[in-house]
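Take a look at the structure set out below.
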Amino acid sequence: MINYNDIWFKCETIIHSKAKLKEKMQSICNFLGTQISAYDWVGFYLSDVKNKKLYLGPFYGEPTEHTSISFGNGICGQAAESQKTFVIDDVTKEINYIACSVHVKSEIVVPIIKNQIVVGQIDIDSYKMSAFKTDDQQLLEQICREIAVYIE
Ligand code: SME
């Protein structure tokens, strides 16, 4: 059983540490990717709000060629545009989806919102179908709310 409270406490410590923003993001990716077995790829995208583009930041897992994504494209782009969390149980059912790996079966994307603007997001891929439940969504939304404070 995953203890989401323990995971949150550790993430909170990382977020409010004295490390630089990118280091905090990398630590969170590594921590979540190693602690939760269904989290096979964990990454941050950061927004270029003016040009409506997302750029890949720190991540855990296999490198991806999708280092920039326009708002509206794929699950990431849709989350950026709508300012809503996307939970995808089965990626093969999605029309507007950008595949990063043939192994990925489900995905969650949580926008990081600051002053009503999407400044970035957390994107997690799983090789398991329907890997993301309410506990995962709540944990990730909490991380996004708190890390938003440190994003310029
Ligand atoms: N699947 C995402 C693209 C990013 S990769 O998962 C790392 C999407 O559809 O936007």
Close pairs (7 angstrom Cβ cut-off, 6 or more residues apart or separate chains): on the phi > 0 side of the Ramachandran plot in the stretch 71-95, surrounded by fewer than 21 Cβ atoms within 10 Å (Cβ to Cβ) and assigned to a loop (DSSP other than H, G, I, E, B) anywhere: Gly74/Asn96; Gly74/Tyr97; Gly74/Ile98
Residues of the stretch 45-79 classified as hydroxyl-bearing (Ser, Thr, Tyr), in a loop (DSSP other than H, G, I, E, B) and over 13 Å from Ile124 (Cβ atoms), total: 1
Residues being in contact with a helix residue (DSSP H, G or I) (Cβ under 7 Å, 6 or more places away or on another chain) and more than 12 Å from the ligand (Cβ to nearest atom) - total across the stretch 84-98: 2
Set Ser101, Ser68, Ser37, Ser106: member being polar (S, T, N, Q) and more than 12 Å from the ligand (Cβ to nearest atom): Ser37
Set Ile69, Ile108: member being over 14 Å from Leu46 (Cα atoms), within 15 Å of the chain's Cα centre (by Cα) and either among the hydroxyl-bearing types (Ser, Thr, Tyr) or surrounded by 14 or more Cβ atoms within 10 Å (Cβ to Cβ) (or both): Ile108
Flag for Lys84 being of a type outside the set (A, V, I, L, M), at pLDDT 95 or above and more than 17 Å from Tyr55 (Cβ to Cβ): yes
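The values are calculated or read from the model by the stated rules, or taken from the named source; none is laboratory data. Here the structure is a predicted model, which means the values were calculated and not measured. Neighbour counts run over all protein chains shown; Cβ positions are idealised from the backbone, glycine included.
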